[in-house]
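Let me begin by presenting the structure, written as structure tokens, before commenting on it.
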Amino acid sequence: MAPRLPADRLRDALLERLRALEAQGASRREAIQDLFPNTQLDDEVLESVTAALLSGTNLLLIGPPGSGKTSLAKDIWNLYPKDALVVEDCPVQDDPFSLISTEFAARHPACPACRTRHGAVSYKEIGDFDAARVDAKKVPVKVARLREGYGFARLQGSPEVFPDYLTGAINLVKLEEIGDPESPLVLEPGKVMQANRGVFLVDEVGKLPRGTQNVLLQALQENIVTPSKSRETFPASFVAVATSNLADLEAIEEPLLGRFTSVYVPFNADHAKNRLIVDLALRGARLTTPTLVREAAVLLIERWRKVSGESPELGEVGSNRTMIDVLRRAEAHALLRGAALVAGEDFLRGAQEAMVGRVRGRSGEGYLENREAVEAFLAKQSPKALADAATDYWCGFFVEVLKEDRSEGDRTARELKDAAAQPKLVAEALAGTSGLAKLRRFAEYVDAREAAGASPEVKRDRFSMVLKTFEATGTFDAPKTPAAPAKK
Ligand SMILES: Nc1ncnc2c1ncn2[C@@H]1O[C@H](COP(=O)(O)OP(=O)(O)O)[C@@H](O)[C@H]1O
Ligand SMILES: [Mg+2]
Ligand SMILES: [Zn+2]
């Protein structure tokens with residue numbers, strides 16, 4: 001048996017998962033996306049991330065706020081194998097090989113506690129530790145479950161995070177009381193020690209002060225850390241996954257930057273992935289949000305990203321967080337109305353609140369200016385996003401069901417128009433008793449396209465809502481031949 005470093009363990013786990021997914025019939029792209037179930041990103045981005053992890057490097061995720069960097073980092077931790085062979089009574093879950101393999105111990109020394117307890121040296125002679133003299137059979141080992149604080153640590157970068165927070169410290173008062181420098185009561189393990197054997201997630205690494213960045217650098221270079229007020233070093237061997245906004249990139253110290261492979265994580269170009277982000281976020285929501293409304297929210301944010309500049313004060317307005325929040329707010333408005341379903345009007349208000357609520361400004365004046373820009377955008381573009389989503393919906397039906405038969409499209413449109421004004425026709429179509437065959441056919445399409453398992457009441461409201469949105473947004477008056485073919 002050979003010791004395996006965190007990067008190797010992550011790589012093996014990744015490969016194993018990939019193979020398993022491919023064996024189940026997933027394509028390479030699908031398999032790679034499935035590795036990161038909570039983070040929908042463009043295939044190329046996830047491919048770069050996966051390749052970086054397979055190459056065994058530390059990873060720096062760079063991108064605009066709200067693109068999914070932290071979410072991706074958490075998915076990487078979830079991939080990491082949780083069971084690890086450790087020295088039984090070690091405060092930092094040492095690898096037993098650190099005690100018995102001279103070669104491994106040179107790169108990954110055991111903690112002082114393990115060296116004095118199992119390494120045949122006293123605390124005074126700790127510098128004389130020699131793995132060759134340790135009897136492997138006498139080292140107590142166990143399989144431990146890695147978790148936060150034990151093989152996993154997470155740090156939110158900010159200027160207030162001082163080096164001690166990463167290095168940990170020896171509490172000198174307690175040391176006097178207890179006498180044993182390795183007692184868990186005396187040693188307060190810092191974040192890098194807690195990450196030993198696993199993953200260290202450093203959010204917004206560029207916001208860390210220089211001294212704190214240096215602690216991280218030492219750990220990445222030498223796999224060790226020295227707690228403050230201590231003369232001994234502790235092991236700190238882990239895969240680091242860090243994130244940074246573009247704005248903070250220049251604040252990352254050059255040598256530290258050199259320890260990472262960076263991958264740029266932009267907002268998705270792939271529309272289908274953006275739709276999945278909102279589907280993911282709306283799982284377990286209280287009310288049903290029809291696909292028409294979901295689509296509108298995604299189109300609106302995608303359009304904002306196209307037309308908005310690089311202004312950092314408006315950086316959050318187009319984030320994935322905002323895209324999700326548009327729909328959460330829309331749901332809140334539907335709840336306020338006492339509705340069972342989120343409708344177009346809720347979307348318009350949700351978009352307004354979520355996007356305007358994320359406007360920032362350096363000054364009061366700047367804020368007002370930015371706010372005006374967002375409001376001007378919304379006045380024109382949110383009704384348009386809803387209309388485009390409705391057109392897309394209708395086109396989907398026209399292409400998939402009607403096979404682009406224009407006269408059939410005209411006849412269907414007429415029946416739908418009538419039904420939009422007469423709730424009774426809708427009820428009949430849903431009950432399957434309607435004499436209007438085209439209306440019935442469209443009702444089936446809506447049913448198949450929307451979430452399954454809706455109550456009859458929700459089904460009725462949903463169908464009416466689609467028809468009303470068509471009517472309100474002029475979908476029926478749009479050119480009969482769809483401009484863009486519907487996506488499959
Ligand atoms: N690409 C994405 N896929 C799935 N969810 C996302 C994505 N991007 C953002 N989110 C959601 O939006 C929120 C903010 O994302 P986060 O990962 O914290 O962004 P970042 O760290 O890039 O600022 C999270 O709740 C996350 O679930
Ligand atoms: Mg983040
Ligand atoms: Zn130890």
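All of the numbers you see were taken from the coordinates with simple rules; none came from a lab. All values derive from a computational prediction rather than experimental measurement. Cβ coordinates were reconstructed from backbone atoms using ideal geometry, including for glycine residues, and neighbour counts include every protein chain displayed.
Note on residue 444 and residue 233: the model spin-label points, each 7 Å out from Cα along the C-beta direction, lie 7.2 nm apart.
The helix-based estimate of mean residue ellipticity at 222 nm for the chain, built from -39,500 (n - 2.57) per DSSP H run of four or more residues and divided by its residue count, is -16000 deg cm²/dmol to the nearest 500.
Across region 58-69, rounded Karplus estimates of 3J(HN,Hα) from the backbone phi angles (6.51 cos²θ - 1.76 cosθ + 1.60, θ = phi - 60°) give 7, 10, 10, 9, 10, x, x, x, x, 8, x, 5 Hz, Gly and Pro being marked x.
The Kirkwood hydrodynamic radius of region 256-374, based on inverse pair distances between different Cα atoms, is 15.4 Å.
Pairs with C-alpha atoms separated by more than 32 Å, drawn from the list 142/273; 403/459; 380/417, are 142/273. Out of all DSSP beta bridges in the chain, what portion is antiparallel? Express it as a percent rounded to 5. So the antiparallel bridges amount to about 35 percent of the total. Spacing of the modelled spin labels on residue 57 and residue 26, each 7 Å from Cα toward Cβ, amounts to 2.4 nm.
Here the 3J(HN,Hα) profile of region 143-155, calculated from phi with Karplus coefficients 6.51, -1.76 and 1.60 at θ = phi - 60°, is 8, 10, 9, 6, 7, 4, x, 9, x, 8, 9, 10, 10 Hz, Gly and Pro shown as x. Straight-line cross-link reach from residue 174 at under 14 Å between alpha-carbon atoms covers these aspartates and glutamates, not counting any fewer than eight positions away in the same chain: 182, 188. Under Stokes-Einstein, with the Kirkwood radius over Cα pairs as Rh, the value for region 271-477 at 4 °C and 1.567 mPa s is 73 µm²/s. For region 176-294, the alpha-carbon coordinates run over 67, 36, 22 Å along the three principal axes, in decreasing order. Specify whether the C-alpha gyration tensor of region 328-391 places it in the rounded, prolate or oblate class, a ≥ b ≥ c being the square roots of the eigenvalues: rounded for a/c under 1.5, otherwise prolate if a/b is larger than b/c and oblate if not. Here region 328-391 falls in the oblate category. Ranking 377, 257, 101 by Cα position along the charge dipole of the chain, where only Lys, Arg, Asp and Glu carry charges on their C-beta atoms, puts 377 farthest toward the positive end. Name the shape class, rounded, prolate or oblate, that the alpha-carbon gyration tensor gives for the chain, where a ≥ b ≥ c are the square roots of its eigenvalues, rounded holds for a/c under 1.5, and otherwise prolate holds if a/b is larger than b/c and oblate otherwise. The shape class here is prolate. Report note on the peptides 228-237, 318-327: ranked by the mean count of other C-beta atoms within 10 Å, highest first, their order is 318-327, 228-237.
Assuming charge only on the beta carbon of Lys and Arg (+1) and of Asp and Glu (-1), the dipole of the chain about its Cα centre is about 1100 debye to the nearest 20. Stretching the chain fully between residue 400 and residue 451 yields a gain of 16.5 nm (0.36 nm per residue, less the alpha carbon separation).
Annotation: amide H-H contacts under 5 Å for residue 239 (H modelled 1.01 Å from N, sequence separation of 5 or more, or interchain): 198, 199, 200. Compactness of region 143-196 is given as radius of gyration and Dmax, 12.9, 37 Å, from Cα positions. Computed log10 I(q)/I(0) for region 402-462 at 0.12, 0.19, 0.21, 0.29 Å⁻¹: -0.28, -0.69, -0.82, -1.30, from the Debye equation with unit scatterers placed on every C-alpha and solvent omitted.
By the rule of a C-alpha distance below 12 Å, with chain neighbours fewer than 8 residues away ignored, the aspartates and glutamates paired with residue 207 are 160, 248, 250, 253. For residue 190, the residues 5 or more places off, or on other chains, whose built amide H falls under 5 Å of its own are 168, 169. Suppose every Lys and Arg Cβ carries +1 and every Asp and Glu Cβ carries -1, with no other charges. What dipole size does region 271-477 come out with about its Cα centre, to the nearest 20 debye? Dipole about the Cα centre, nearest 20: 320 debye. Here the Karplus relation 6.51 cos²θ - 1.76 cosθ + 1.60, evaluated at θ = phi - 60°, turns the backbone of region 169-176 into coupling constants of 8, 9, 7, 5, 5, 5, 4, 4 Hz, with x for every Gly and Pro. Look at the dipole of region 271-477 built from charges on Cβ: of 423, 469, 278, the Cα furthest out on the positive end belongs to 278. The order of the peptides 420-428, 108-116, 239-247, 130-138 by mean Cβ neighbours within 10 Å, most packed first, is 108-116, 239-247, 420-428, 130-138.
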